[in-house]
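Trainee: Right, I'll just put the structure down here and ask away after.
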Amino acid sequence: MDLFDTFFGELLMTFLIAMVPVLELRGAIPAGIAAGLPPAAAAAAAILGNLVPIPFLLLLVLIAGIITTTVTCGVIRVFW
């Protein structure tokens with residue numbers, strides 16, 4: 001029995017496809033429905049998968065902001 005043949009595997013596949021920035025919901029929901037999920041389950045898994053990367057992206061923006069406000073170029077301190 002393959003993982004993606006189970007209901008959990010189909011949810012996981014939809015969840016992971018939704019995390020890909022290029023595909024997001026436009027690709028994850030049709031892929032989940034094509035895999036055999038009910039439309040509501042495919043939409044729920046895709047939306048949750050689409051929301052997972054957001055905290056990590058916000059943390060990355062925060063770190064980039066801290067780094068760019070403390071960068072010095074030679075003797076001149078650069079404030080962005």
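Trainee: If I build a Gaussian network model for the chain, linking alpha-carbon pairs within less than 10 angstrom, which residue out of Ile66, Ile29, Ile47 has the largest mean-square fluctuation?
Mentor: With Cα springs under 10 Å in the chain, the top fluctuation among Ile66, Ile29, Ile47 is at Ile66.
Trainee: Follow-up question, since we're still on this one. Report Rg (one decimal) and Dmax (nearest whole number) for the chain, counting Cα atoms only, units Å.
Mentor: When restricted to the Cα atoms of the chain, Rg and Dmax are 19.4, 64 Å.
Trainee: Net charge around Ala35, counting only other residues with Cβ within less than 14 Å of its Cβ (Lys, Arg = +1; Asp, Glu = -1)? Write out the running numbers ahead of the final one.
Mentor: On the way: positive: none; negative: Asp2, Asp5, Glu10.
Value of the local net charge: -3.
Trainee: I would also like to ask the following. Using heavy-atom solvent-accessible surface (probe 1.4 Å) with all chains present, what is the largest-first order of Phe56, Phe15?
Mentor: Details: Phe56 145, Phe15 55 Å².
If we order Phe56, Phe15 from most to least accessible, we get Phe56, Phe15.
Trainee: Most fluctuating residue of Ala18, Ala45, Ala64 in a GNM of the chain with Cα springs under 10 Å: which is it?
Mentor: Answer for the Gaussian network model of the chain: Ala64.
The values are calculated or read from the model by the stated rules, or taken from the named source; none is laboratory data. The shown structure was predicted, so the numbers you read here are calculated from the model rather than taken from an experiment. No Cβ is skipped: glycine too gets one built from the backbone with ideal geometry, and neighbour counts run over all protein chains shown. Each accessible area value is taken on the protein alone, full model and side chains, heavy atoms only, with ligands, DNA and RNA left out. Shrake-Rupley method; radii C 1.70, N 1.55, O 1.52, S 1.80 Å.
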